[in-house]
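Participant: There's a structure below that I have some questions on.
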Amino acid sequence: MSKGTLFIISAPSGAGKTSLVKGLIARSEDLVVSVSHTTRAMRAGEVNGVDYHFVNQDDFVSMVEHSAFLEHAKVFDNYYGTSQQHVEQQLLDGKDVILEIDWQGARQVRRLIQDSQCIFILPPSIDVLKQRLEQRGQDDSDIIQRRMQDAVNEMSHYAEFDYLIVNDDFDQALNELECIILANRLRQLHQERSLEKLLIELLN
C-alpha cells in the first residue's frame with residue numbers, strides 16, 4: 001500500500017475553500033479532511049468532531065505543551081491546531097489527507113512533512129471577495145473589514161504554494177482541484193508501488 005499524500009489548502013476567508021473541499025470529498029475515494037482543534041465557540045449547525053474538535057483554552061495549551069500538533073496558530077482571537085498523530089496515521093493507512101489551514105500553518109507543516117502538496121485558492125477580485133463575506137451574514141461590518149485586511153496579507157504569500165486556483169466559476173475550480181489530486185496519484189512513485197505486480201509481469 002502506498003503512503004497517502006498530505007494536501008494543504010489555504011485561502012483568504014470568503015474565497016470558497018470550504019465549499020470546494022466538500023465538493024472534492026464527495027467526488028474522491030480515500031480522501032479525508034483532517035478535523036482541527038479550536039477554542040472558538042461552536043456555530044449553529046456545527047457538530048463537534050465533524051467540523052472541529054471544540055476544546056477550551058486550557059486543554060489546547062496542554063496539547064501544545066505535549067507537542068500534539070503538527071501546526072497551531074491564533075486566528076481572530078481563537079486558537080486552531082492540527083493533530084499530528086491523527087494525520088500521520090491516516091497517511092500510513094494510504095489515505096490522502098486535506099488540511100484547511102492558513103499560510104502560517106502551511107509553513108509549519110511543510111517543515112515536518114516536506115512532500116506535502118500546497119494549494120492556494122484565490123478569489124476572482126477583491127470586490128467579489130468582499131461581496132461573498134457580506135452575503136454569508138456571519139459578521140458585522142467591522143469584522144468584515146478586518147477579514148479584508150487579513151485577506152490581503154494571506155494572499156501575499158501565494159508564492160509559497162505549489163498550485164494556484166482562482167475560484168470564479170465553482171465547477172471549473174472544483175475540476176481543477178480534482179485534477180491536482182488525480183495527477184499526484186499518477187506520479188511514478190505512487191504507481192510503482194500499486195502496480196508492482198503488473199510491472200514485474202510486463203518486464204519479464
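Let's see how each residue does on (1) out of contact with any Gly (no Cβ under 6 Å at 6 or more places or on another chain); (2) more than 17 Å from Ala15 (Cα to Cα); (3) not hydrophobic (A, V, I, L, M, F, W, C):
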position	(1), (2), (3)
Val128	yes, no, no
Glu134	yes, no, yes
Leu177	yes, no, no
Glu201	yes, yes, yes
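Participant: Pick from Thr38, Thr18, Thr82: which is under 19 Å from Gln114 (Cα atoms), polar (S, T, N, Q) and touching a residue at least 40 places away in the same chain (Cβ under 8 Å)?
Facilitator: Details: Thr38 fails: under 19 Å from Gln114 (Cα atoms); Thr18 fails: under 19 Å from Gln114 (Cα atoms).
From the options Thr38, Thr18, Thr82, the qualifying one is Thr82.
Participant: Next up: Which of the residues belonging to the stretch 138-153 are assigned to a helix (DSSP H, G or I) and of a type in the set (S, T, N, Q)?
Facilitator: Residues satisfying the conditions are Ser141, Gln145, Gln149, Asn153.
Participant: From the list Arg193, Arg147, which one is basic (Lys, Arg) and closer than 23 Å to Asp102 by Cα?
Facilitator: Arg147
Participant: Another question, if that's okay. Among (1) in a loop (DSSP other than H, G, I, E, B); (2) at negative phi, there is one condition Gly94 misses while meeting the rest; what is its number?
Facilitator: Only one criterion in (1) in a loop (DSSP other than H, G, I, E, B); (2) at negative phi is unmet by Gly94, namely (2).
Participant: Which one of Arg193, Arg185 is basic (Lys, Arg) and either surrounded by 14 or more Cβ atoms within 10 Å (Cβ to Cβ) or touching an Asp or Glu at 6+ places or on another chain (Cβ under 7 Å) (or both)?
Facilitator: Arg185
Participant: A follow-up question, please. All but one of (1) at pLDDT below 95; (2) in contact with an Asp or Glu (Cβ under 7 Å, 6 or more places away or on another chain); (3) within 21 Å of Leu24 (Cβ to Cβ) hold for Arg132; which doesn't?
Facilitator: Failed condition: (2).
Participant: So, of the residues in the stretch 108-137 that are in a loop (DSSP other than H, G, I, E, B) and without any contact (Cβ under 8 Å) to a residue 24 or more places away in the chain, which turns out to be nearest to Met155 (Cα to Cα)?
Facilitator: Restricting to residues being in a loop (DSSP other than H, G, I, E, B) and without any contact (Cβ under 8 Å) to a residue 24 or more places away in the chain, the top hit is Ser125.
Participant: Go through the residues of the stretch 62-70 one by one and say whether even a single one is in contact with a Leu (Cβ under 8 Å, 6 or more places away or on another chain) and closer than 30 Å to Gln145 by Cβ. Let's see the steps before the verdict.
Facilitator: Kept after step one, since they are in contact with a Leu (Cβ under 8 Å, 6 or more places away or on another chain), are these residues of the stretch 62-70: 70.
Next, only the ones that are closer than 30 Å to Gln145 by Cβ stay: none.
Scanning the stretch 62-70 turns up no residue that is in contact with a Leu (Cβ under 8 Å, 6 or more places away or on another chain) and closer than 30 Å to Gln145 by Cβ.
Participant: Let me ask something else. Could you list all residues from the stretch 164-178 that are part of a helix (DSSP H, G or I) and within 16 Å of the chain's Cα centre (by Cα)? Full working, then the answer.
Facilitator: Of the stretch 164-178, the ones part of a helix (DSSP H, G or I) are 170-178.
Once the filter is applied, which keeps residues that are part of a helix (DSSP H, G or I) and within 16 Å of the chain's Cα centre (by Cα), the stretch 164-178 yields Ala173, Leu174, Glu176, Leu177, Glu178.
The values are calculated or read from the model by the stated rules, or taken from the named source; none is laboratory data. All values derive from a computational prediction rather than experimental measurement. We place every Cβ from the backbone using ideal geometry, glycine too, and count neighbours over all the protein chains shown.
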